[in-house]
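The values are calculated or read from the model by the stated rules, or taken from the named source; none is laboratory data. This structure is a prediction, so every number in the text was calculated from the model and none was measured. Here the Cβ positions follow ideal geometry from the backbone for every residue, glycine too, while neighbour counts run over all protein chains shown.
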Amino acid sequence: MPAHPTLQLDPDLARFIAGGVSINAGSASATGVPSLCRAFGCRVEPDAGRITVFFAAPQAADLVRDATRSGALAVVFSEPPTHRTVQIKGRDARLAPLGEGDLACVNAYRAAFAQCLVFLGFTEVMVRTLLDCPDEALVALTFTPSALFNSTPGAQAGTPLIPALMPPPAAGAP
Amino acid sequence: MIPVRALRDCLDGVIPGVVSTCAPDGTPNVAYMSQGQYLDDRHLALSYQFFNRTHQNLLANPRVTLGLIHPQTAQQYRVHLTYQRTESEGPIFESMKAKLAGIASHTGMSGVFRLLGSDIYRIERAEVVPGSTLPAPLPAVDPLLALRTCMERLPLSPDAESLLDAMLDGLQAHFAIEQALVMMLDPGRDRLYTVASRGYPTSGVGSELQVGDGVIGVAARERVPIRISHVTSEYAYGLAMREGAERQGLGDRLETEIPFPGLAAPGSQLAVPIPGAREPLGVLFVESPTEMRFTHADEDALVALATQVGGLFRLFLAELELADEAQSGVPRDPPPAGPPLRVRHYAANDSIFLGDDYLIKGVAGNILWTLLQDYQALGRTQFSNRELRADPRVRLPDQSDNLEARLVLLHRRLAERQACVQLEKTGRGRFRLLVGRPLELEDMDLGT
């Protein structure tokens, strides 16, 4: 299986995507029909170079089916007050079991996103309702970033962000 | 299928929609969409602001999945769409452009959000995303009931003036819309003039603006309702008017003497054309200091109301064609006593000054001048709309011109100024000139 090059997220970007930002992920079926789902936070593993994104399983059925079939996943992270938006794409998405600390990660995300939107005039109950999901229904998709884009609205939207390129993991590495 | 009402609430720009597309090689792309517009149960339009990956993708693969969130209930929806075409002019584009300008201003993106086009999509399928929701809040006003109640009084109105009053009163009483006005179209000059208003410190009757300027002017030009939830200077009528006045000479300086009555700091505005046979008869305009005050349902109700008013207005115009001539042999009114008042008429723009006070200009000014000349020369005080329409001195721009609206304007302007000349209705399509002082008529531009 060919190894994908790994993009190293710089610490600022890693902090940004793990904060109280709006997260949406997309993939597509074999016939080119796009799928889409809102995420409930993400976890960045700088050492492994992987990003894990959390979803409510009943909402993410199409996305999980498409992403695990093709491996293709696009995740867009946007900060509502500033419109700063970053899109990260991967080609090796797969389902991952929720690890220790992931529930706490989702709960911290809910609090951070609610705080961000309350500041913009939404009610906390509205944001909490949007991000409501039983713990046991959470699923995770994990992927290695293969492309980063600045998606902040404007003429520059869609330009690639130049990250530090890491050597691919050695053969036999997890 | 998602209820249309929920879909329209989601598309209002409170929470940006999310668009998922796919390149020919299978690479997905996800982007935020500023604004959408429901067109009919098979079509919607999304704003196209930048030529980005989304647009490249959908030119190659027209399938799009749109994620929406209801701003009150938090219910999520997914709408599966097929891209059809991009429109960069016309009613859909202009309506979205106005709305987007408001959203851009509200979100601090004025310099960034510019509408390049309206992308038109066919709706293939829509699904409700499973998840928790909140109960929808009950609206303070039920627009359908308000519309019904408001419409009941309209057919009882004996003339155009009371019809407009019935509509504006109804908006206040049943829709709780405090600020409203009606502007009628002067098709020859491509301008709109205010004939009635409610809820402002001054009525603004007689104030004008250019077709195409601001929310009202765009609604008239495109014949489409324009609803803005966050008002921006780009569509503010006041600004456009001031700029116009600075460019022009005397003629337009006069317009500033009747200031537009609108709110100084509006939050929401809605302009609805009053349909005529060809071009609109005018525009109904409502506004509020509160942002997001007017809903899709309000827009629907006001469109229905304006359609009804337009139909009745045209009925009045048709009836006037059949009305009797002014009766002859009516005894003359005794001549008034007191010091004479100098009345000046400037033929260049048909402006009329009573003493030193500017009163009115244009066709309404010319009508008054014609009446005063007949009064002075023949002692006439009884007139009919029908004979005015036929009078070559009145110089109506064309046969379809809305003489009735111009008489409403003249009547209101004279009443507001408590002028020594007044118009009094004496029957359908007939009126009487009441003159309280001796007059000295002076035509200022003769021979020039």
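Inside the stretch A:2-27, residues that are within 14 Å of chain B (Cβ to nearest Cβ) and either assigned to a loop (DSSP other than H, G, I, E, B) or more than 20 Å from B:Pro130 (Cα to Cα) (or both) make up a count of 3.
Has the stretch B:167-183 got at least one residue that is closer than 26 Å to B:Tyr346 by Cβ, modelled with pLDDT of 85 or more and not assigned by TED's automatic domain parsing to the domain that holds B:Leu100?
Taking the stretch B:167-183 first, the residues closer than 26 Å to B:Tyr346 by Cβ are B:183.
Keeping just the survivors that are modelled with pLDDT of 85 or more gives B:183.
Narrowing further to those that are not assigned by TED's automatic domain parsing to the domain that holds B:Leu100: B:183.
Yes.
The criterion of being within 20 Å of A:Asn24 (Cβ to Cβ) and either of a type in the set (Gly, Ala, Ser) or more than 9 Å from every other protein chain (Cβ to nearest Cβ) (or both) does not hold for B:Ala45. Being charged (D, E, K, R), closer than 17 Å to B:Gly188 by Cβ and part of a helix (DSSP H, G or I) is the filter here, so list the residues in the stretch B:336-380 that pass it. Of everything in the stretch B:336-380, nothing turns out to be charged (D, E, K, R), closer than 17 Å to B:Gly188 by Cβ and part of a helix (DSSP H, G or I).
Scan the stretch A:104-116 and tell me whether some residue there is within 19 Å of the chain's Cα centre (by Cα) and hydroxyl-bearing (Ser, Thr, Tyr). Please lay out each step first, then the result.
Step one: of the stretch A:104-116, the residues within 19 Å of the chain's Cα centre (by Cα) are A:104-114, A:116.
Filter once more, keeping what is hydroxyl-bearing (Ser, Thr, Tyr): A:109.
Within the stretch A:104-116, one or more residues are within 19 Å of the chain's Cα centre (by Cα) and hydroxyl-bearing (Ser, Thr, Tyr).
Under the condition of being of a type outside the set (D, E, K, R), under 35 Å from the mean Cα position of the chain (by Cα) and within 25 Å of B:Ser95 (Cβ to Cβ), the residues counted in the stretch B:32-79 number 27. Any residue that is hydroxyl-bearing (Ser, Thr, Tyr) and either over 30 Å from B:Pro135 (Cβ atoms) or within 14 Å of chain B (Cβ to nearest Cβ) (or both) - is there at least one of those in the stretch A:30-44? Within the stretch A:30-44, one or more residues are hydroxyl-bearing (Ser, Thr, Tyr) and either over 30 Å from B:Pro135 (Cβ atoms) or within 14 Å of chain B (Cβ to nearest Cβ) (or both). Entry remark, the stretch B:187-246: residues being modelled with pLDDT of 85 or more and hydroxyl-bearing (Ser, Thr, Tyr) number 7 in total.
Can A:Phe143 be described as modelled with pLDDT of 95 or more, closer than 17 Å to B:Thr27 by Cβ and of a type in the set (Phe, Trp, Tyr)? In short, yes.
Could you tell me which residue of the stretch B:60-98 is surrounded by the most Cβ atoms within 10 Å (Cβ to Cβ), considering only residues that are more than 10 Å from chain A (Cβ to nearest Cβ) and free of Cβ contacts under 8 Å to residues at least 24 places away in the same chain? Selected residue: B:Lys97.
Report whether or not B:Arg413 is touching a Gly at 6+ places or on another chain (Cβ under 6 Å) and modelled with pLDDT of 90 or more. Spelling it out, B:Arg413 is indeed touching a Gly at 6+ places or on another chain (Cβ under 6 Å) and modelled with pLDDT of 90 or more. Within the option set A:Phe55, A:Phe77, being within 14 Å of chain B (Cβ to nearest Cβ), under 21 Å from A:Asp10 (Cβ atoms) and at pLDDT 95 or above holds for one residue only, A:Phe77. Pairing residues of the stretch B:133-153 that are part of a loop (DSSP other than H, G, I, E, B) with residues that are surrounded by fewer than 14 Cβ atoms within 10 Å (Cβ to Cβ), at Cβ distances under 9 Å and at least 6 apart in sequence or on separate chains, gives B:Leu134/A:Val125; B:Ala140/B:Ala176; B:Val141/B:Ala176. Answer yes or no: is there a residue in the stretch B:136-154 that is aliphatic (A, V, I, L, M), within 14 Å of chain A (Cβ to nearest Cβ) and over 18 Å from the mean Cα position of the chain (by Cα). Yes: the stretch B:136-154 contains one or more residues that are aliphatic (A, V, I, L, M), within 14 Å of chain A (Cβ to nearest Cβ) and over 18 Å from the mean Cα position of the chain (by Cα). Filtered by the rule that a residue be at pLDDT 90 or above and surrounded by 22 or more Cβ atoms within 10 Å (Cβ to Cβ), the stretch B:45-59 gives B:Ala45, B:Leu46, B:Asn57, B:Leu58.
Say whether the condition of being surrounded by fewer than 22 Cβ atoms within 10 Å (Cβ to Cβ) and modelled with pLDDT of 95 or more is met by at least one residue in the stretch A:80-93. Yes, because at least one residue in the stretch A:80-93 is surrounded by fewer than 22 Cβ atoms within 10 Å (Cβ to Cβ) and modelled with pLDDT of 95 or more. Residue-level analysis places A:Glu100 outside the set of residues that are out of contact with any strand residue (DSSP E or B) (no Cβ under 7 Å at 6 or more places or on another chain), among the charged types (D, E, K, R) and surrounded by 14 or more Cβ atoms within 10 Å (Cβ to Cβ). If you go through the stretch B:169-192 and pick out every residue that is surrounded by fewer than 21 Cβ atoms within 10 Å (Cβ to Cβ) and of a type in the set (A, V, I, L, M, F, W, C), you end up with 2.
Going by what's in this entry, would B:Pro158 be described as of a type outside the set (Asp, Glu), out of contact with any helix residue (DSSP H, G or I) (no Cβ under 6 Å at 6 or more places or on another chain), assigned to a loop (DSSP other than H, G, I, E, B) and over 19 Å from B:Ile258 (Cβ atoms)?
Working: of a type outside the set (Asp, Glu): yes; out of contact with any helix residue (DSSP H, G or I) (no Cβ under 6 Å at 6 or more places or on another chain): yes; assigned to a loop (DSSP other than H, G, I, E, B): yes; over 19 Å from B:Ile258 (Cβ atoms): yes.
Criteria met by B:Pro158.
Going by the conditions given, is B:Leu164 touching a residue at least 12 places away in the same chain (Cβ under 8 Å), surrounded by 21 or more Cβ atoms within 10 Å (Cβ to Cβ), assigned to a strand (DSSP E or B) and away from chain A (no Cβ under 14 Å)? In short, no. Within the stretch B:25-42, the set of residues being more than 10 Å from every other protein chain (Cβ to nearest Cβ) and within 30 Å of A:Arg69 (Cβ to Cβ) comprises B:Met33, B:Gly36.
Provide a single number: the residues in the stretch B:44-71 that are more than 28 Å from A:Val127 (Cα to Cα) and not small (Gly, Ala, Ser).
Going residue by residue through the stretch B:44-71, those that are more than 28 Å from A:Val127 (Cα to Cα) are B:50-53, B:55-63.
Retained after the next criterion (residues that are not small (Gly, Ala, Ser)): B:50-53, B:55-59, B:61-63.
Count: 12.
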